[in-house]
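None of the figures in this text is laboratory data; all of them are computed from the coordinates on show. Since we're looking at a predicted model, the values are computed, not measured. Backbone-built Cβ (ideal geometry, glycine too); neighbour counts: all protein chains shown.
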Amino acid sequence: MRRLLFPNPYPLSPKKGFTLVEIMLVVVIIAALAAMIMPRLAGRSEQANKARARAEISSNMGLALKLYELDNGNYPTTEQGLEALMTKSATSPVPQNWNGPYLEKKPIDPWGKPYQYKCPGVHSKMGFDLFSVGKDGQEGTEDDVTNWE
């Protein structure tokens, strides 16, 4: 009678589940796949950092510098730097129609270094050179991200 009212939730049947060998085989397969994929993903973060730096140079800071130039008739000088986009510069030439701030804070590249700005520019046709020294922190190396290439 008891058996009819309370059936056994674990009937006697062959045990279901995976053996240790099967689990280890799956782990080995996953590890092999990860070993093949990881080298391909390793370089992606550096590509993403360069793409972010390019976007910041061409969009955010490039637009801010253009707005500054439209308001004041010239770009900030090298001495005034990118700080002139956040606070009105007191150094010559003093901006007469400063309508900033054009940027909220001083831009930092994806590698944690400040962007470099030179005006008048040597390389760019825009009138100013704006660039990141890249991962190595050295100006003029192949990992630099610039507004002239």
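Over all pairs of different C-alpha atoms in segment 77-132, the reciprocal of the mean inverse distance, the Kirkwood hydrodynamic radius, equals 12.1 Å. Springs join every pair of Cα atoms under 10 Å in this Gaussian network model of the chain, and among MET86, MET36, MET61 the largest mean-square fluctuation is at MET36. Here the residues ASP129, ASP109, ranked from fewest to most Cβ neighbours within 10 Å of their Cβ, fall in the order ASP129, ASP109.
Sorted from fewest to most neighbouring beta carbons within 10 Å, what does the list PHE131, PHE18 look like? Spell out each step's value before the answer.
Details: PHE131 23, PHE18 10.
Ranked by crowding around the Cβ, least crowded first: PHE18, PHE131.
If you take all other residues with their beta carbon under 12 Å from the beta carbon of PHE128, and give Lys and Arg +1 and Asp and Glu -1, the sum is +1.
Each residue in LEU20, LEU33, LEU67, LEU130 was given a count of other beta-carbon atoms within 10 angstrom of its own, and listing them fewest first yields LEU20, LEU33, LEU67, LEU130. Counting only residues at least eight positions apart within a chain, or on another chain, the lysines with an alpha carbon under 19 Å from that of LYS88 are LYS66, LYS105, LYS106, LYS118.
Segment 46-76 and segment 85-116 have Cα centres separated by 11 Å.
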